[in-house]
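Before any comments, here is the structure.
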Amino acid sequence: MTAHIIDGKALAEKLRAAIREDVASFVAETNVTPHLAAVLVGDDPASAIYVRNKERACEKAGIKSTLHRLAAQTTEEELLDLIGRLNADDQVHGILVQLPLPDQITEKRILDAVSATKDVDAFHPENVGLLVQGRPRFLPCTPHGIQQMLIHHGVQVPGAHAVVIGRSEIVGKPMANLLLQKGEAANATVTVCHSRTKQLKEITRQADILVAAIGLPRFIKGDMVKPGATVIDVGTNRVEDKLVGDVDFGQVSEVAGAISPVPGGVGPMTITMLLRNTLTAAALKARTPGEAGG
Ligand code: GUN
């Protein structure tokens, strides 16, 4: 194996220690404990694990978290009612609705209903718009976590050709937007590929930085990667009860210069950035107490 491993778990621990200190300073200064409300609808086991990990991470960082568990058959109106109450609750700074939601609920209607100033996932159209315009309120958690991995691994992003595979609202689109902005670990030339892209391999082979967020286990093979490239694997596929990335690690680690593994890569970084956003949301509220209520 030739590639350096980009250890997201180790970096996440380091950044979480810094966040814990920042939370402690914030609490000492304001007497307010940042509070994240997580909403979990239904009993998807993977979602339950993610939410539990988020709760544990909050606790360790000194952030209060409350979990609102709703039954799988919850209606859209019931969920909107809960979101309305959390929006109006002055004690709640961040709201996270775990995705995916059951089929009877229209995801966009729910995400649009979360107060933009409590939207720690950065899914609200106002926050997406602010990011696109280069003046973000919250940075989207997974893309921001990836950006931190690139910075801390010393990857030269400005001027690099970054190829993002996947155009989801959670990863692909915000990742492309983040890399496109002016600033550190940005200023990249960005190409976004997806299921309808022709001659994918020709494009991925041009990537200095390749972000794989396709949702297909071990989809990226060694011959799709430029020698020496940095490869970030965002895949979280379950194969025979094992967590498998979108990158064929065995093959690609022989070609790439640096690669993030699954597990232990992007996953822990996403939660870390959620902690950061929750503190940001509490700080926003402390600065503009009248505005962050709904
Ligand atoms: N489901 C998978 N990833 C995410 C995420 O980043 N945020 C939320 N809310 N749900 C998810």
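The values are calculated or read from the model by the stated rules, or taken from the named source; none is laboratory data. This is a predicted model, so every value here is computed, not measured. Backbone-built Cβ (ideal geometry, glycine too); neighbour counts: all protein chains shown.
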Q. If we only count helices (runs of 4 or more DSSP H) wholly inside region 162-262, which ones have 2 or more residues that are within 16 Å of the ligand (Cβ to nearest atom) and in contact (Cβ under 8 Å) with a residue 60 or more places away in the chain?
A. none
Q. Does any residue of region 9-18 turn out to be touching a Ser or Thr at 6+ places or on another chain (Cβ under 6 Å) and free of Cβ contacts under 8 Å to residues at least 24 places away in the same chain?
A. no
**Q.** Residue count for region 120-154, restricted to those that are in a helix (DSSP H, G or I) and not hydroxyl-bearing (S, T, Y)
**A.** 19
Q | K108 being of a type outside the set (A, V, I, L, M, F, W, C), more than 29 Å from A12 (Cα to Cα) and out of contact with any strand residue (DSSP E or B) (no Cβ under 7 Å at 6 or more places or on another chain) | A | yes
**Q.** helices (runs of 4 or more DSSP H) enclosed by region 30-119 - at least 3 residues per element that are more than 15 Å from the ligand (Cβ to nearest atom) and either closer than 23 Å to L279 by Cβ or out of contact with any helix residue (DSSP H, G or I) (no Cβ under 7 Å at 6 or more places or on another chain) (or both)
**A.** 45-61, 76-88
Q) Conditions: (1) modelled with pLDDT under 95; (2) in a strand (DSSP E or B). E291 meets all but one. Number of the miss? A) (2)
Q: Could you check, for region 64-79, whether at least one of its residues is in contact with a Ser or Thr (Cβ under 9 Å, 6 or more places away or on another chain) and either within 26 Å of G267 (Cα to Cα) or of a type in the set (S, T, Y) (or both)?
A: yes
(Q) Condition first: β-branched (V, I, T), at pLDDT 95 or above, farther than 30 Å from H152 by Cα and buried (at least 19 other Cβ atoms within 10 Å of the Cβ). Can you find one or more residues in region 50-64 that meet it? (A) no
